[in-house]
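Please treat every number below as a calculation from the coordinates, not as lab data. Every value quoted in this text rests on a predicted model; they were computed, and no experiment measured them. Every residue, glycine among them, receives a Cβ derived from its backbone with ideal geometry; neighbour counts consider all protein chains shown.
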């Protein structure tokens, strides 16, 4: 979905920087500046360093909430003993950007929910100071990870809820960008 959003934003005329983790494909549009990262820490650093000079940030990545305290340099051989894995919280990129957001900026986030979808997504929108949140439900067939299609619901900070049918991710990206453009216009009035 992040790649579809980046490519659609470039078509809309935006200057796009895509901070992206390990993926099997990259945007075809050469105007999209790709910033590859491999860890949640790297993604946080890249996003936070760029945020102050952008008008819109779309947080489409599903960054892990926890990361190992210690990362092995090589394969860990079986010892026969139990292995205890200690995890530490990763930096909450959305929360950091939400606190730094200026009035003219639009911050869009995603929520993947399984229960109380609208309520949980709306809570996240307010908690992270998003202008819009894109809700994905694991209950929707053909949506989310591993599909070329998606079913989205867009919720804005004014309690407007727009539900969309199953569409290609490219079409869903245009729906999201149309909502972002209308939000930018509303902020400039």
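Quick rundown of the values:
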read-out: Label-point gap, in nm, between residue 39 and residue 55 - each point 7 angstrom along Cα→Cβ; value: 3.5
read-out: Footprinting exposure proxy for 130, 104 (fewest neighbouring C-beta atoms within 10 Å first); value: 104, 130
read-out: Two-site label geometry, residue 28 and residue 74: point separation in nm, points 7 Å out along Cα→Cβ; value: 4.4
read-out: Mean separation of Cα contacts under 8 Å, 6 or more apart, over the residue count of the range 32-147: relative contact order %; value: 25
read-out: Length released on extending from residue 91 to residue 138, taking residue separation times 0.36 nm less the Cα-Cα span; value: 14.4 nm
read-out: Most fluctuating residue given options 75, 124, 86, as computed from a GNM of the chain linking Cα atoms under 10 Å; value: 75
read-out: Net lengthening on full extension, residue 186/residue 129 (0.36 nm per residue, minus Cα-Cα); value: 18.9 nm
read-out: Residues in the range 88-108 reached by a label modelled at residue 66 [backbone nitrogen below 16 Å; 7 Å Cα→Cβ]; value: 88-92
read-out: Candidates 109, 80, 13, ranked by Gaussian network fluctuation over the chain, Cα under 10 Å, top entry; value: 80
read-out: The range 1-71: translational diffusion in µm²/s, Stokes-Einstein, Kirkwood Rh over Cα pairs, 10 °C, 1.306 mPa s; value: 122
read-out: Volume in Å³ per residue [convex hull over Cα atoms, computed for the chain]; value: 149
read-out: Choice from 129, 159, 150 with maximal GNM fluctuation in the chain (Cα, 10 Å cutoff); value: 159
read-out: Rounded to 5, the percent of DSSP beta bridges in the chain classed as antiparallel; value: 45
read-out: Helix-derived mean residue ellipticity, 222 nm - over the chain, DSSP H n ≥ 4, -39500 (n - 2.57), to 500; value: -10500 deg cm²/dmol
